[in-house]
Every structure is written in structure tokens, then in C-alpha cells.
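Right, one structure below, let's go through it.
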Amino acid sequence: RKYLPATRDGGPWKTTVSRLVVVVIWYAACLYVMSVMVVVAGRRYPKHGLPLPDLGFDVMTEIPQMAWVPNAMLAGLGVVTFLRCLLSSEGITIARRFMLVHGFGMLLRSITLVATSYPDPSAPCKMYTPPKDINPFWLETVHNSKLITCGDLMFSGHTLFYVLCALVWKRYFYLIETILFC
């Protein structure tokens with residue numbers, strides 16, 4: 001399949017690049033909105049009582065040295081999926097669609113983060129007091145890696161990314177499906 005329609009003024013390549021630029025701007029805007037809402041959800045973090053009962057937290061102990069593993073898995077899957085898209089003839093189209101759908105997912109996550117906050121059972125959040133002197137709309141605040149975020153448990157951004165990567169592999173890379181799921 002070729003998804004590059006001909007145009008009168010610049011050919012299919014110009015159309016593809018302009019669509020990609022629009023989607024990249026959309027994606028950046030959605031990422032910014034979600035980052036702001038994470039900070040806002042942290043300010044709304046419920047300071048009362050104990051976390052909700054959860055069998056997973058009861059069975060598994062917290063290992064602080066392993067806190068980097070979910071982010072490493074996320075980065076690894078993202079890099080492998082991106083590299084596979086580069087090898088595809090439809091790579092730009094796949095990337096554009098991924099960013100469009102992931103942007104919508106981030107906006108939905110933003111709404112749920114602000115609407116519902118659960119007590120976080122992690123150790124840093126048990127003693128967490130949200131800072132009052134920061135503006136959630138400043139880029140330094142939004143992208144501060146040392147900022148503790150609590151209260152953003154309702155909708156997992158990691159799970160959203162994992163599922164979208166799995167759907168990209170299922171939809172566009174059918175040879176993998178044939179080998180793995182026969």
C-alpha cells in the first residue's frame with residue numbers, strides 16, 4: 001500500500017512531510033498538557049489515610065533499586081519499534097499515526113489524572129507534601145526529572161505506550177505475527 005497521495009503543488013513527499021510536522025506539533029502539545037496535569041494532580045494528591053487495598057502491593061515488596069526498570073523497558077520497546085518503523089516503507093505514516101493516537105491517549109490521561117487521585121503506596125509519596133511555590137505551566141517544572149509525582153495512578157502512561165507499540169507491531173509488521181502466533 002502506498003499512502004502518499006499526489007498533490008498539484010509539491011508532490012506526495014511535500015504532503016507527507018507537512019502532515020508529519022502537524023502531527024509532531026500536536027504530539028508536543030499533548031505531551032505538554034499531560035505533563036502540566038501530572039503536576040496539578042500532584043498538588044491535588046490526597047494526604048489522608050492509607051492507600052487502597054491492593055493484592056499486588058501486598059504480595060510484592062518494593063525494591064527501590066529496581067525503580068528504573070519500567071522506564072528502561074519503555075525506552076527499549078520505543079527504540080526497537082522506532083527502528084523497525086524506519087525499515088518499513090510506510091515508516092512515516094506509521095510514526096504519524098502512532099503520535100496522533102498516543103496524543104489522544106495522553107489527553108485522556110490528563111483528564112483522568114485531574115479528575116481522580118488515589119493515595120500512592122510508594123515510599124516517597126507517603127511523606128509527600130506538594131510544593132506550593134512552583135508554577136505547573138513552566139517548562140522547567142514540567143520536565144524536571146527530580147520532581148516527585150504522586151496521585152497519578154488512575155491511568156498508566158506506561159501501559160498506554162506498551163499497548164500502542166504492541167498494536168503497531170500487530171498491524172504493520174505481519175511477519176512477526178505469523179512467526180510468533182501460529
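In nm, to one decimal, how far is the modelled label at residue 61 from the one at residue 166, with both set 7 Å along Cα→Cβ?
3.0
Out of the chymotrypsin sites (Phe, Trp or Tyr not before Pro) in the range 39-133, which ones are loop residues according to DSSP with at most 14 other C-beta atoms within 10 Å?
Counting only loop positions with at most 14 other Cβ atoms within 10 Å, the chymotrypsin sites (Phe, Trp or Tyr not before Pro) in the range 39-133 are 68.
Which FRET efficiency value, to the nearest 0.05, do you get for residue 86 and residue 108 by plugging their Cβ-Cβ distance into 1/(1 + (r/R0)^6) with R0 = 25 Å? Provide the component values of the computation, followed by the final result.
Details: r = 28 Å, r/R0 = 1.13.
Calculated transfer efficiency: 0.35.
Using a basic spin-label model with each label point 7 Å from the Cα along Cα→Cβ, how many nm lie between residue 101 and residue 79?
2.4
How far apart, in nanometres, would the label points at residue 148 and residue 18 be if each is projected 7 angstrom from Cα along the Cα-to-Cβ direction?
Using points 7 Å along Cα→Cβ, the separation is 5.0 nm.
Laboratory data are not the source of any read-out in this text; all were calculated from the coordinates shown. None of these values were measured; they are calculated from a predicted model. Positions of Cβ are generated from backbone atoms using ideal geometry, with glycine treated the same way; all protein chains shown enter the neighbour counts.
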